[in-house]
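The values are calculated or read from the model by the stated rules, or taken from the named source; none is laboratory data. Here the structure is a predicted model, which means the values were calculated and not measured. For neighbour counting, all protein chains shown are included, and Cβ atoms are generated from backbone atoms with ideal geometry for every residue, glycine included.
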Amino acid sequence: MNANLACNLLEAARRGSDRPALRLGDAVVSYGALDDASARVADLLRARGIERGDRVGVMLPNVPQFAFVYYGVLRAGGVVVPMNVLLKQREVAFYLSDPGAKVLLGWHDFAEAAEAGAARAGVECLLIRPGAFEELLGAAPAPTGDVAQREGGDTAVILYTSGTTGTPKGA
């Protein structure tokens, strides 16, 4: 049995692909569209060498693209490392270096800290701009739809503590 959390999305899309999965203002993303976008993100990450267990930084605000990327990382077999968009360059570098992330997907409005922190950590940075990101995904070949095999004890997400009494710790 595949314990990949992305299987939950596939099941929800199978049961009702037209049902709303995400809402932001007037924008509505169906389960089918979320499933397709996450499959395309997974293929994009695989093309960049992301394999089972690789850490991927996700520095996005509360936008639909966060869900595309989150489930795409999981589908590719990666480990999601969510990061606050307000982090400074040295903090971005730490949040990427500490878990050994290979890629950072950052929001365009916070490009300076994302790119500088990623460069400092030696990590590839992909910036996400609304519209351009969807065009990139739409122009890609039809997604494979593959979901990486994961075991129940495998890490899916690494959340960092606030670090109020010391260095933040991945949990």
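Scan segment 1-30 and report the pairs whose first residue is farther than 20 Å from residue 69 by Cβ and touching a residue at least 40 places away in the same chain (Cβ under 8 Å) and whose second residue is assigned to a loop (DSSP other than H, G, I, E, B) and not basic (Lys, Arg), with Cβ atoms within less than 8 Å and a gap of 6+ or a chain change.
From segment 1-30, the pairs are 2/147; 2/149; 3/151; 3/152; 3/154.
So is residue 143 touching an Asp or Glu at 6+ places or on another chain (Cβ under 6 Å), more than 17 Å from residue 80 (Cα to Cα) and part of a loop (DSSP other than H, G, I, E, B) or not?
yes
Does any residue of segment 154-168 turn out to be surrounded by 15 or more Cβ atoms within 10 Å (Cβ to Cβ), part of a helix (DSSP H, G or I) and modelled with pLDDT under 95?
Within segment 154-168 (the criterion being surrounded by 15 or more Cβ atoms within 10 Å (Cβ to Cβ), part of a helix (DSSP H, G or I) and modelled with pLDDT under 95), the answer is no, since none of the residues qualifies.
Would you call residue 32 of a type outside the set (S, T, N, Q), surrounded by fewer than 19 Cβ atoms within 10 Å (Cβ to Cβ), modelled with pLDDT of 95 or more and not in a loop (DSSP other than H, G, I, E, B)?
yes
If residue 131 satisfies all but one of (1) at pLDDT below 95; (2) under 18 Å from residue 42 (Cα atoms), what's the number of the condition it fails?
Condition not satisfied by residue 131: (2).
Go through the residues of segment 2-20 one by one and say whether even a single one is part of a strand (DSSP E or B) and not aromatic (Phe, Trp, Tyr).
Within segment 2-20, one or more residues are part of a strand (DSSP E or B) and not aromatic (Phe, Trp, Tyr).
What are the residue pairs meeting all of these: first residue in segment 142-167, first residue on the phi > 0 side of the Ramachandran plot, second residue modelled with pLDDT of 90 or more and surrounded by 15 or more Cβ atoms within 10 Å (Cβ to Cβ), Cβ atoms under 7 Å, and 6 or more apart or on different chains?
Partner pairs satisfying both residue conditions: 145/39.
For segment 79-117, what are the residues that are out of contact with any helix residue (DSSP H, G or I) (no Cβ under 6 Å at 6 or more places or on another chain), under 18 Å from residue 54 (Cβ atoms) and aliphatic (A, V, I, L, M)?
Result: 79, 81, 101, 103.
State whether the residues of segment 127-135 include one that is in contact with a helix residue (DSSP H, G or I) (Cβ under 6 Å, 6 or more places away or on another chain), without any contact (Cβ under 8 Å) to a residue 60 or more places away in the chain and surrounded by 21 or more Cβ atoms within 10 Å (Cβ to Cβ).
no
Looking at (1) more than 14 Å from the chain's Cα centre (by Cα); (2) within 28 Å of residue 32 (Cβ to Cβ), which is the one condition that is false for residue 80?
So residue 80 meets the others, but not (1).
Could you tell me whether residue 39 is surrounded by 22 or more Cβ atoms within 10 Å (Cβ to Cβ) and either modelled with pLDDT under 95 or out of contact with any Leu (no Cβ under 7 Å at 6 or more places or on another chain) (or both)?
yes
Scan segment 61-112 for residues that are in a loop (DSSP other than H, G, I, E, B) and small (Gly, Ala, Ser) and report the count.
So the count comes out to 3.
With respect to the numbered conditions (1) surrounded by fewer than 23 Cβ atoms within 10 Å (Cβ to Cβ); (2) of a type in the set (Lys, Arg); (3) not in a loop (DSSP other than H, G, I, E, B), which one is the sole condition not fulfilled by residue 52?
(3) is the only condition that residue 52 fails.
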